[in-house]
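What follows is one structure encoded as structure tokens, with my remarks underneath.
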Amino acid sequence: MRILFHKNYLKHYRKRILPNKKLDKRLENRLELFMKDPSNPLLEDHRLTGDKKEYRAFSITGDYRVVYKKFDDTVVLYDVGTHNQVY
């Protein structure tokens, strides 16, 4: 699986995640887990609804999420942040 990063994801990653080293490390671990097994229950992966019904999300922590879309063997990460920030 190939992972691409949308410009909004990169912008929000630098602002919301990178300043917190512990959160950054957790994100790194979750991305590795996602690449190995996207259906792992720890990720709490789910389809979004409403305006974002074309997207999916998985959890980094209880409140932090990564929003993405899958295309064949490629995943594009679109946003990262707290539940309120990304939804």
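No lab work stands behind these numbers, since they all come straight from the coordinates. Here the structure is a predicted model, which means the values were calculated and not measured. Cβ coordinates were reconstructed from backbone atoms using ideal geometry, including for glycine residues, and neighbour counts include every protein chain displayed.
The simple Förster model, with R0 at 30 Å and r as the Cβ-Cβ distance, assigns residue 37 and residue 8 a FRET efficiency of 0.70.
Please tell me the relative contact order of the chain in percent, rounded to the nearest whole number, where contacts are Cα pairs under 8 Å and at least six residues apart. Worked out over the chain, it gives 35 percent. Only DSSP H runs of four or more residues enter the estimate; each adds -39500 (n - 2.57), and after division by the residues of the chain the mean residue ellipticity at 222 nm equals -8500 deg cm²/dmol. With the simple model of a label 7 Å out from the Cα in the direction of the Cβ, residue 26 to residue 1 spans 2.0 nm. So for the range 2-80, taking the charge dipole from beta-carbon charges (+1 Lys/Arg, -1 Asp/Glu), which of 23, 40, 57 sits furthest toward the positive end? The residue sitting farthest along the positive end of the dipole is 23. Beta bridges from DSSP with both residues in the range 2-80: antiparallel share about 75 percent, rounded to the nearest 5. Candidate cross-link partners of residue 25 among the lysines, defined by an alpha-carbon separation under 22 Å and a same-chain spacing of 8 or more, comprise 7, 11, 15, 36.
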